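Worksheet: one structure, shown below.
Every read-out reported here was derived from the displayed coordinates using simple, explicitly stated rules and does not represent laboratory data. Predicted model only: the values in this text are computed from it and were never measured. We place every Cβ from the backbone using ideal geometry, glycine too, and count neighbours over all the protein chains shown.
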Amino acid sequence: MDPKKTDNLADGPTQTGFKVPDKGLYTFMGKTKNDIQKKFGKPERIDPTPYGYKWWVYGIGTESYVQIGLDNDSGKVTTIYALGKELMTEPFGIGKHSDDIYKKVPLSDTVSFKYDQAKIEFEFTEDDLMVRPLIKFGDSWVQLNFDHITDRLMGVRYMTPEVLIKQKPYTLTFRGKIPEEPKLSDEKWQAIDQATAKEIFDMTNILRHRYNVNQLDWSASASGAAFQHSKEMSVKNYFSHDSKWQGDLSKRLEKAGVSFEAAGENIAAQYTDASAVVLGWLNSEEHRKNMLSDMFTELGVGVYHDYYTQDFVHPFQQ
């Protein structure tokens with residue numbers, strides 16, 4: 001994958017060689033709950049987030065998987081995350097080779113724009129440009145999620161400027177006032193954490209199916225162990241598979257009552273949400289091995305705020 005770079009700022013109209021579509025998922029940006037229900041029906045799940053919107057989740061377990069973010073106040077769509085290959089995300093077709101996209105998308109090290117009375121600038125690393133480039137697209141922004149191992153487009157995320165600023169997925173500098181992060185109760189965080197864990201589980205299985213690997217069953221016991229590890233890392237401010245208090249993965253799973261023939265673990269921190277952390281793991285060689293290994297049959301996921309743990313297991317067969 002060889003993204004082209006320019007020194008231009010992405011002010012004003014789209015900087016891509018693609019035409020903004022008049023059909024497909026992007027056209028639902030700004031639409032109402034009624035519009036979404038009319039097209040997609042009742043959501044299979046509604047997941048809270050810390051960013052002022054709720055995810056309406058459709059297509060669980062299929063290549064039609066999509067999360068549609070509806071603003072808590074206006075009830076309008078402010079973000080969409082598309083993972084399923086069967087979704088209409090043109091001109092950014094999921095599964096397309098990166099070369100087909102980059103030849104029409106000049107990228108820059110920074111983008112800047114005005115939001116309300118603030119001047120916003122995002123700065124991108126080489127990894128950002130390779131794995132999750134950001135493009136001005138109509139009145140919104142689109143983040144392209146690439147699997148850099150296969151050089152294929154893995155998913156597409158559409159965002160309003162406000163959602164982009166709230167999530168801060170890249171290095172941000174600004175002049176003026178930007179939306180403040182809301183203070184959330186422990187009860188709200190618990191609901192968000194549980195929803196994020198389910199999303200990570202769903203996305204993992206979709207990617208395993210895409211790469212011709214067996215599906216995983218949910219393990220409540222392994223999820224409990226994973227959650228405790230994520231929480232401990234956050235509260236005690238460390239980042240490691242080995243805990244001074246609870247031991248390594250084997251000991252932690254044993255304490256949770258999980259007997260296993262094989263086990264593996266992925267951990268992560270400081271990612272914005274489920275799709276961001278799954279993208280990060282997929283593009284890390286060691287984490288990818290766990291995510292796509294046919295050695296495992298069950299998965300437990302535990303999330304505590306912005307700390308994430310996946311515990312993969314193959315239970316002991318008696």
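Things to note:
- Per-residue ellipticity at 222 nm computed for the chain from its helices equals -8500 deg cm²/dmol, with DSSP H segments shorter than 4 residues left out and the rest contributing -39,500 (n - 2.57).
- Couplings for region 88-93, taken from phi via the Karplus curve 6.51 cos²θ - 1.76 cosθ + 1.60 with θ = phi - 60°, read 8, 10, 4, x, 9, x Hz in order; Gly and Pro are left as x.
- The angle between the Cα long axis of helix 186-210 and the main principal axis of the chain comes to about 90°, on a 0 to 90 degree scale.
- Within straight-line reach of Lys38, meaning a Cα separation under 17 Å, sit the following lysines at least 8 residues removed in sequence or on another chain: Lys23, Lys76.
- Size descriptor, Kirkwood hydrodynamic radius, that averages inverse alpha-carbon separations across region 25-175, Å: 16.1
- Sorting Thr32, Thr125 from the fewest to the most surrounding beta carbons within 10 angstrom yields Thr125, Thr32.
- Most fluctuating residue given options Gly300, Gly257, Gly61, as computed from a GNM of the chain linking Cα atoms under 10 Å: Gly257
- If the chain linking Lys33 and Asp248 were pulled fully straight, counting 0.36 nm for each residue of separation and taking away their Cα-Cα distance, it would gain 72.8 nm.
- Arg45-Asp100 FRET efficiency (beta carbon distance; Förster radius 25 Å; 0.05 resolution): 0.15
- Distance from the alpha carbon centroid of region 150-174 to that of region 242-276 works out to 28 angstrom.
- For region 30-101 versus region 111-142, the gap between their alpha-carbon centres in whole angstrom: 20
- For region 37-60, the residues whose amide N sits under 11 Å from a probe point set 7 Å from the Cα of Gln215 along the beta carbon direction are 60.
- Restricting attention to region 159-318, the count of lysine pairs at 8 or more positions apart or across chains with alpha carbons under 20 Å apart stands at 16.
- Exposure proxy ranking for Ile192, Ile46, based on other Cβ atoms within 10 angstrom of each Cβ and starting from the fewest, stands as Ile46, Ile192.
- Dimensions (Å) - the chain, Cα atoms, principal axes, largest first: 62, 41, 41
- Nitroxide proxy distance, nm - points 7 Å out along Cα→Cβ at Gln194 and Glu123: 4.1
- Relative exposure of Ile135, Ile149, judged by other C-beta atoms within 10 Å (fewest first): Ile149, Ile135
- Between Phe174, Phe201, Phe227, the GNM of the chain built on Cα springs shorter than 10 angstrom shows Phe174 fluctuating the most.
- Diffusion constant of region 162-227 at 20 °C, which comes from Stokes-Einstein with the Kirkwood Cα-pair radius and 1.002 mPa s, µm²/s: 141
- Against the compact-protein benchmark of 2.2 N^0.38 Å, the Cα-based radius of gyration of region 188-315 scales to 0.95.
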